[in-house]
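Step one of this worksheet: look at the structure below.
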Amino acid sequence: MKDEQARLIDDCIAGDEAAIAQLIARYQVGVFRLTLSILNDPGDANEAAQDTFITALRALKSYHETSTFKAWLYKIALNNSRSRLRKRSALNRLQNALTSIFAVQSQHSPAPEDVIIRKEKADDLWRAIERLGEKHRIPIVLRYYHDMSVAEIAEIMNIKEGTVHSRLSIARERLRAHLINLQEVAGE
């Protein structure tokens, strides 16, 4: 897999359009989901994802295998998304992403009541995630929605692995406390 990835990158650097299309196809869903989870706007997320691939392809010669290609690419996507957030006057973060991130696929059709209850719980969780500051929200999104390792998150965010562990722990505790409070308020 590593040799195949290296050959694909070399072919992209050489300008092979089929290789570029293959590279984009391999990572486009993950990059889009990341940008969507940060930007909360499908159109803006799509543009950020496109910008990510343009930036990555232009900088491909600077990629070094000291990190995984996915982590390198996600770091570019994260930086593009953060840049877009800074440029926005109103920060409408992460609401529309819930539908795509929490898509629950089942082999059987659940009862309508179950669907409503799941959606309400997912909405509560997502609102709780939105309440987290960026330094705690981004590690949660990368870890649990993009299934990235602590090492990859540390690399993407340019922080130490211990800091990632700490931020994930704090974020989980804050989410747990918020959700318990919601249950108590609802009388469950």
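Any read-out appearing in this document is the output of simple, stated calculations on the displayed coordinates, not a laboratory observation. Model, not experiment: these values are computed from the prediction. For neighbour counting, all protein chains shown are included, and Cβ atoms are generated from backbone atoms with ideal geometry for every residue, glycine included.
Before moving on, here are some points about what is shown:
- Residue separation of residue 26 and residue 159 scaled by 0.36 nm, minus their Cα-Cα distance, works out to 45.2 nm of gained length.
- Cβ-Cβ FRET estimate between residue 124 and residue 149, R0 fixed at 30 Å, reported to 0.05: 0.65
- Here 44, 16 are placed in order of increasing Cβ neighbour count within 10 Å, fewest first, which gives 16, 44.
- Loop-located GluC sites (Glu not before Pro) in segment 1-69, at most 10 other Cβ atoms within 10 Å (DSSP): none
- Where labels lie 7 Å past Cα in the beta-carbon direction, separation of residue 68 and residue 6 in nm: 1.8
- Each of 73, 60 was scored by other Cβ atoms within 10 Å of its Cβ. Listed from fewest to most, they are 60, 73.
- By the count of neighbouring beta-carbon atoms within 10 Å, fewest first, 31, 141 end up ordered 141, 31.
- Residue-span extension gain [residue 185 to residue 14] - 0.36 nm each, minus C-alpha spacing: 55.6 nm
- Pair residue 54, residue 82: separation of 7 Å Cα→Cβ label points (nm): 2.1
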